[in-house]
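Pasting a structure here, questions to come.
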Amino acid sequence: MTKTRIRTVLEMIKFEHSVFALPFALVGALLAARDGGGLPSWRQVLCIVAAMVGARSAAMTMNRIADIEYDRRNPRTANRALPAGELSIGFAWAFTAVASAVLVIAAWQLNRLALELSPVALAILFFYSYTKRFTAWSHFVLGFCLGISPAAAWIAIRGSLDLRMLILCAAVTLWVGGFDVLYACQDVEFDKSAGLYSIPKKLGIAKALVFARAMHVVMVALLAWLAWSFHLAWPAWAGIAVVAALLAYEHSLVKPNDLSKMNAAFFAVNGYVSLLFLVFWVVAVIVARR
């Protein structure tokens, strides 16, 4: 594969956005290992990273395959690799199969439950690609696709699931769903013409922005509940404060009559949210172990 094709594939799956969910998965793994009195091994971490990258790559490619006709018709997305003809549908299907295999193999290397649940995870991820056709709540489905990652990471470490992880799953679901609502504000007119569903289309942009803000407020509250339930040290609470401040800044960038800063709100700020959350919570666990 040439460098140009590799670059095109990475652009198609938005590889750099793997940073969104991966830190939350690693926090799930860290809490699971801490609950067992230790830390995740490097082998476990590498398998979790491989599983996450494989799952996300498969999901993003399936989404592009499912939406190719809509992407062709939408001026904002017409230059993407598949509608522009830079990659073929056949290649996209093959890439989806390979990425799915990476997830399954990584899960197999972790434990039996992880392996048994890997097809379920893929089914959830692929299902999202079609939800915009029949429900305005597809944002929550997308959020759930990333939201299951902390629970999956806990299972990867322990071979079972602690119900407290569902708090973090819900928080990630609301975080991702909230910023997807913001992002969907750009496509309201296209969604109307194409017969697609979204919260901005259903509520209007102004109310959708308020709705997304409420989702993120609840997300912060859930993170506080999680920190309390695991009796984490002060850096975890400092991390929650940083996340709240970044989300407040994100929402300040987007206004009903001005979506010009959407890319800054969506890409840059959310990347910092997940990475800084990971850093502060890693420190919280280290402090607690002393």
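No value in this document is a laboratory result; all are computed from the given coordinates. These numbers were taken from a predicted model, which means no experiment stands behind them. When we count neighbours, we look across all protein chains shown, and the Cβ atoms used for this are built from the backbone with ideal geometry, even at glycine.
What is region 3-289 by shape, rounded, prolate or oblate, if you read a ≥ b ≥ c off the alpha carbon gyration tensor as root eigenvalues and call it rounded for a/c under 1.5, prolate for a/b larger than b/c, and oblate otherwise?
Oblate, because a/c is 1.5 or more while a/b does not exceed b/c.
With the crude spin-label approximation of a point 7 Å out along Cα→Cβ, what separation in nm comes out for Ser88 versus Leu203?
Label at Ser88, label at Leu203, 4.4 nm between them.
With charges set only on the Cβ (+1 for Lys and Arg, -1 for Asp and Glu), what does the dipole of the chain come to about its Cα centre, in debye to the nearest 20?
For the chain, the charge dipole is close to 120 debye.
Please report, ordered by residue number, every helix of the chain (full DSSP H runs) that is 27 Å or longer along its axis going by C-alpha atoms and whose mean Kyte-Doolittle hydropathy reaches -0.5.
Helices meeting the span and hydropathy rule in the chain are 42-66, 89-110, 165-184, 205-229, 234-253, 270-289.
Measure out, as a whole number of angstrom, how far apart the alpha-carbon centroids of region 121-136 and region 70-88 sit.
20
Applying 1/(1 + (r/R0)^6) with R0 = 51 Å to the Cβ-Cβ distance of Arg76 and Val242, what FRET efficiency is obtained, to the nearest 0.05? Spell out each step's value before the answer.
Details: r = 31 Å, r/R0 = 0.61.
Using R0 = 51 Å, I get an efficiency of 0.95.
I've got another one for you. Count the net charge of all other residues whose Cβ sits under 14 Å from the Cβ of Ile199, scoring Lys and Arg as +1 and Asp and Glu as -1.
+3
Hey, which lysines would be in cross-link range of Lys202, C-alpha to C-alpha under 20 Å, not counting anything within fewer than 8 residues on its own chain?
The reachable lysines, counting only those whose Cα sits under 20 Å from Lys202, are Lys132, Lys192, Lys255.
Can you figure out the FRET efficiency of Ile286 with Val217, using R₀ = 30 Å and their beta-carbon distance, to the nearest 0.05? Walk me through the numbers on the way to the answer.
On the way: r = 29 Å, r/R0 = 0.97.
With R0 = 30 Å, the Cβ-Cβ based efficiency is 0.55.
Express in nm, to one decimal, how much length is gained between Ala123 and Trp228 on full extension, taking 0.36 nm for each residue of separation and deducting their alpha carbon distance.
Numbers: separation 105, 0.36 × 105 = 37.80 nm, distance 3.29 nm.
Here the answer is 34.5 nm.
Which aspartates and glutamates, if any, have their Cα less than 20 Å from the Cα of Lys207, not counting same-chain residues under 8 positions apart?
Asp180, Asp187, Glu189, Asp191, Glu250, Asp258
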